[in-house]
Amino acid sequence: MNAQDAGAGPRERLLELLGGKWLAAAVSAAATLGLADLLEGGSQSGAEIAEALGCEEDALERLLRTLVGIGIVSFERESRYALTDLGRCLGEDDLGPLARFVGSEFNWAPWARLAEGVRTGRSAFELQHGDPLFEYLDANEAAAAVYHDAIGAFVGEEAEAVAKGFDFSSSRRVVDVGGGRGALLEHVLRRWPDLDGILVERPAVAQAAQRHLVEAGLIHRAEVRTGDFFEAIPEGADVYMLKHVVHCLADAEAVELLDRCRRSLACGGAILVIEGFRLPPGNVDQTSLLDLEMLALCGPGRERSKPEMRRLLQAAGLRLVGAPAIGGGARLIEARPVAAAT
């Protein structure tokens, strides 16, 4: 029973919140070690797990005790550990890559400078590492791999929801702006076989997107272009998609990018912004916590409330047409040029 369940006072509740650091680190360590994928084959003893994962047995047992307490694994008869349904989410094909990213040194360290970031308005990540997030990733291949694996794990279900949730039947070309390794474009092209796509990304990420779309068997319908999408965006597409791009940007940059997409849009086209809406104060949900992540990693980047998003779109000559929820706190925000959005 935790402090809150026991009806404990505010000091105990605060201690419980501070202990969240320990739990997040334990879950991340389990993912980094590959515990979930190992136990998918069945329960094992602590000694067997330690040998398979190359761990010191006593240290591993201490980690496992915590993981039992929070429901990642269960403690079975004959001192064996088994994977729970919650623990299965830590698999390599699920949220394991995201959990590894949370505990990675390059992501974890900036949080120690969050207070300094709040004082200065600068990103804690840049204060810690000397470069903004994406410039740092361009120069650090290993960190970039961890980051993009995490993003892929985080947004996989969203990509499928976008492909199902928007009617692309009257479209012939879609542009995925800042499309990462191509997961969203892959889902959209698979579901809509008459559609062609262009993905625009930074050079280091574009190479991975090219490989991904080749492996997916879709490269004959997809083109990967490298470059700065603030300088040039392919023109004349029917749909422009920005999945978790706008929340990385300050308001002025976001308006500039949205306006560029609007001016590039074919007649009758739409812009899809995949973001969450930040709720009013007093609500702590995934989007409000992601807003704090944006503060730490991207500085001026932020999650926005629905009125704030509407104002951004209006400043770019766009009108919010709809914003259905698509799971995980995200929404499929459809925007169209003001003159064509009635």
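For LYS164, a cut-off of 20 angstrom between C-alpha atoms picks up these lysines, skipping any fewer than 8 places away in its own chain: LYS243. The share of Cα pairs per 20 Å bin across the chain, counted from zero up to the longest distance, runs 27, 54, 18, 0 percent. Loop-located GluC sites (Glu not before Pro) across the range 193-234 with a Cβ neighbour count of 10 or fewer within 10 Å are GLU231, with loop assigned by DSSP.
Charge dipole (Cα centre; +1 on Lys/Arg Cβ, -1 on Asp/Glu Cβ; no other charges) of the chain amounts to roughly 1380 debye. Around the Cα centre of the range 33-148, unit charges on the Cβ atoms of Lys, Arg, Asp and Glu (plus for the first two, minus for the last two) sum to a dipole of about 560 debye.
Please get the size of the charge dipole for the range 154-340, origin at its Cα centre, with Cβ charges of +1 on Lys and Arg and -1 on Asp and Glu, quoted in debye to the nearest 20.
Rounded to the nearest 20 debye, it is 340 debye.
Given a cut-off of under 8 Å on Cα pairs at least six residues apart, what relative contact order in percent is computed for the range 60-105?
21
Along the axis of the charge dipole computed for the range 1-138 (Cβ charges of +1 for Lys and Arg, -1 for Asp and Glu, origin at the Cα centre), the listed residues LEU95, TRP111, GLN44 are led at the positive end by TRP111. Hey, what angle do you get for helix 286-298 against the long axis of the chain, alpha-carbon based, 0 to 90 degrees rounded to 10? So the inclination is approximately 80 degrees. Its relative contact order, with pairs defined as Cα atoms under 8 Å and 6+ residues apart, puts the range 26-142 at 24 percent. Each of MET309, PRO337, THR287 was placed along the dipole of the chain (beta-carbon charges, centred on the mean Cα), and the one lying farthest toward the positive end is PRO337. Okay, helix-only estimate at 222 nm for the chain: each DSSP H run of n ≥ 4 adds -39500 (n - 2.57), divide by all residues, round to 500 deg cm²/dmol; what do you get? The per-residue figure over the chain is -14500 deg cm²/dmol. Taking the longest Cα principal axis of the chain as reference, the axis of helix 57-69 is set at about 70 degrees.
For the range 10-92, the relative contact order is 33 percent, taking Cα pairs closer than 8 Å that sit 6 or more residues apart in sequence and dividing their mean separation by the residue count. Ordering CYS261, ALA208, PHE230 by the projection of their Cα atoms onto the charge dipole of the range 198-283, which places +1 on the Cβ of Lys and Arg and -1 on the Cβ of Asp and Glu, puts ALA208 at the extreme positive end.
Read the figures in this text as sums done on the coordinates, not as results from a lab. Owing to the predicted nature of the structure, the values given are computational and were not obtained by experimental measurement. We place every Cβ from the backbone using ideal geometry, glycine too, and count neighbours over all the protein chains shown.
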